[in-house]
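Contents: one structure, followed by commentary.
The values are calculated or read from the model by the stated rules, or taken from the named source; none is laboratory data. Since the structure is predicted, the reported quantities are computational estimates derived from the model, not experimental observations. Cβ: placed from backbone, ideal geometry, glycine included. Neighbour counts: every protein chain shown. Note: areas computed on protein heavy atoms with side chains; ligands, DNA, RNA excluded. Shrake-Rupley method; radii C 1.70, N 1.55, O 1.52, S 1.80 Å.
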Amino acid sequence: ICMPCGKVQAMLGWKMPPMFSREAVALSFAFKGLTSDSNKALYKELVHERKAVVGVNGGLLDKIDGGMAVLMVEGRLTDEPADLARIVQDSFYAYLEHGINDVEMEDARQEELAAYHNVFNRWDLVQDALVDAEIQGDWQWAFARKVLVENVTYEEMMAAARSWLTPDSQ
């Protein structure tokens, strides 16, 4: 689908496991470790080094029965969306094949742990976290996820990424 918006964009998406699972937490760190901001490997390679695209950003949509990992790429007005998607796919899958930098994934973990620290030290934020978790189906998830965040391993992160972020689940 193409919509006129003054820029060219392509979006890629992959199915995710149910949010109340260790695998979903592991996958989130692998995905964030590769895509979450302008300091991550995919952005550096495609925007700064190769200058193949203008921007790359990723996001996760966690849901009870499975969600979606979304990768958005922005190009120049002369680019074709299908070409942008192909460029990003090739680099993305190459990183999965060779392994995502463990430092990048650990940064993603530390960001989430810092957010937990902030939430659990302010009553109004604890309340919001509990309400959000209850809306998703279980108030305990607000606390249970933190334990998974602290304990999930690099090997689990890579295994989840290689299992879920495949062309078959795209």
Check your understanding: Quick one: putting +1 on the C-beta of Lys and Arg, -1 on the C-beta of Asp and Glu, what dipole do you get for the chain around its Cα centre, in Debye to the nearest 20?
Key -> 320
Review point. In the structure displayed, which of Lys7/Lys32; Lys15/Lys63; Lys40/Lys146; Lys32/Lys146; Lys7/Lys40 lie more than 21 Å apart, Cα to Cα?
Key: Lys7/Lys32; Lys40/Lys146; Lys7/Lys40
Check your understanding: Per the helix-only calculation at 222 nm, which mean residue ellipticity applies to the chain, given -39500 (n - 2.57) for every DSSP H run of n ≥ 4 and division by its residues, nearest 500 deg cm²/dmol?
Key -> -16000 deg cm²/dmol
Check your understanding: In whole percent, how big is the carbon plus sulfur part of the accessible area of the chain, probe 1.4 Å, protein atoms only?
Key -> 55
**Study point:** Within a Gaussian network of the chain (alpha carbon springs, distance under 10 Å), most fluctuating of Arg86, Arg22, Arg145
**Key:** Arg86
Review point. Mean separation of Cα pairs under 8 Å and 6+ residues apart, divided by the residue count of the stretch 33-170: what relative contact order is that in percent?
Key: 18
Revision key, fill the gap. Sorting Glu23, Glu134 on solvent-accessible surface, 1.4 Å probe, most exposed first, gives Glu134, Glu23
Study note, to complete from the structure: The extension gain from Asp37 to Lys15, computed as 0.36 nm times the residue separation minus the Cα-Cα distance, is 5.8 nm
Revision key, fill the gap. Expressed in µm² per second, the diffusion coefficient of the chain from the Stokes-Einstein equation, with Rh the Kirkwood radius over alpha carbon pairs, at 4 °C and 1.567 mPa s, is 77
Exercise for review: Leaving ligands, DNA and RNA out of it, work out the accessible area of Lys44 with a 1.4 Å probe and give it in Å² to the nearest 10.
Suggested key: 80
